[in-house]
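**Q** Mind having a look at this structure? Questions to follow.
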């Protein structure tokens, strides 16, 4: 039976599961937790960035950027100080990393080889997400305190402009074709930026999604995956702004990912789960799997070579907090920060598929 496109939710999928019609598309890749990797340093963190060509993982950790050599799973060093760091962007062309130092209202540029700081570039208030756009060789830092994007020339490391936004920005993604997309968390919207003209070309509602945080992109098909705090992943057509599909996810999401090699989208959820959504085609998606991780594992990084997903967390402080405390304000025990590797088990998946045939 052919799959048909749907818009809001996966309610029709349950019937197809019962009929056994979806065994083939969902059995391609299954994930399971493999091991944990201790990481020294404070038990406070935000975004991670896995640079597949160098096999390095960059972690925004406390007041520093921690750099891990993932071939040996050992730290290479830290970039410090990066006051109130939130995210890291990598420009291998110019051998430069960029970290958003939200506490300093600055972007810190550092040498990828030595990890020494090159520059501190003043930007707007409280820069949070930061990405590198290879199409323009520019860095976009999204200033959550001043509702704008600061644009930096990656080669000169100079601020070349700012872009006013419709509300408070959260995460962003570039398609490599001259477009940058950003979730507007305060308005439950998604904006498309012309990276060359440094202007917002479109802003679209993410309804029924509310409070978008993490964002990932299938650049080939121009599909955006926004994970929202009302427990929903919203899939949007980046050319038209049409909501193509929605999928249920866990609570407390803060990052998303898309793997073009497997056609899978991910949401890392602070409650301690990883949601896996399968792209059957650009207009049809299946809520494929929920993987148990650990509480607090709200951000993620994706190794596109091995298809491994990494989330990070620490051991929660047992002292009780007031009811309703947001996940980002929870306390963790010192010296317990670590990564959790979530790996594809393709052989097991193939055996399950054969058993169902």
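**Q** Counting just the residues of segment 308-329 that are touching a strand residue (DSSP E or B) at 6+ places or on another chain (Cβ under 7 Å) and assigned to a loop (DSSP other than H, G, I, E, B), which one comes out farthest from residue 34 (Cα to Cα)?
**A** Result: 317.
**Q** Hey, residue 277 hits all of (1) closer than 25 Å to residue 337 by Cα; (2) surrounded by 23 or more Cβ atoms within 10 Å (Cβ to Cβ); (3) over 14 Å from the mean Cα position of the chain (by Cα) but one; which does it fall short on?
**A** (1)
Let's see how each residue does on (1) in contact with a strand residue (DSSP E or B) (Cβ under 6 Å, 6 or more places away or on another chain); (2) surrounded by fewer than 18 Cβ atoms within 10 Å (Cβ to Cβ):
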| site | (1), (2) |
| --- | --- |
| 69 | yes, yes |
| 88 | yes, no |
| 102 | yes, no |
| 116 | no, yes |
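**Q** When you check residue 139 against the structure, is it part of a strand (DSSP E or B) and either within 17 Å of the chain's Cα centre (by Cα) or without any contact (Cβ under 8 Å) to a residue 12 or more places away in the chain (or both), yes or no?
**A** Yes.
**Q** Here is a follow-up. Output the number of residues of segment 29-47 satisfying the condition of being under 25 Å from residue 278 (Cα atoms) and in a strand (DSSP E or B).
**A** Summing the residues that are under 25 Å from residue 278 (Cα atoms) and in a strand (DSSP E or B) in segment 29-47 gives 6.
**Q** In this structure, is residue 79 within 20 Å of the chain's Cα centre (by Cα), buried (at least 18 other Cβ atoms within 10 Å of the Cβ) and modelled with pLDDT of 95 or more?
**A** Judged against the criteria, residue 79 is not a match.
**Q** Still on this structure, I have one more. So, in segment 290-303, exactly how many residues are surrounded by fewer than 18 Cβ atoms within 10 Å (Cβ to Cβ) and within 12 Å of residue 266 (Cβ to Cβ)?
**A** 1
**Q** Within segment 64-83, which residues are under 18 Å from residue 117 (Cβ atoms) and in contact (Cβ under 8 Å) with a residue 40 or more places away in the chain?
**A** 65, 67, listed by residue number.
**Q** Right, here's the next one. Which residue, of 305, 278, is under 22 Å from residue 263 (Cα atoms), at pLDDT 95 or above and not in a loop (DSSP other than H, G, I, E, B)?
**A** Exactly one residue qualifies, and that residue is 278.
**Q** Taking the residues in segment 305-325 that are free of Cβ contacts under 8 Å to residues at least 60 places away in the same chain and loosely packed, with under 13 Cβ neighbours inside 10 Å as candidates, determine which candidate is nearest to residue 294 (Cα to Cα).
**A** Among them, the one singled out is 318.
**Q** Answer with yes or no whether residue 82 is in contact with a strand residue (DSSP E or B) (Cβ under 7 Å, 6 or more places away or on another chain) and either assigned to a loop (DSSP other than H, G, I, E, B) or more than 30 Å from residue 344 (Cβ to Cβ) (or both).
**A** yes
The values are calculated or read from the model by the stated rules, or taken from the named source; none is laboratory data. These figures come from a predicted structure and were not determined experimentally. A quick note on method: Cβ atoms are made from the backbone with ideal geometry, for glycine too, and the neighbour counts reach across all protein chains shown.
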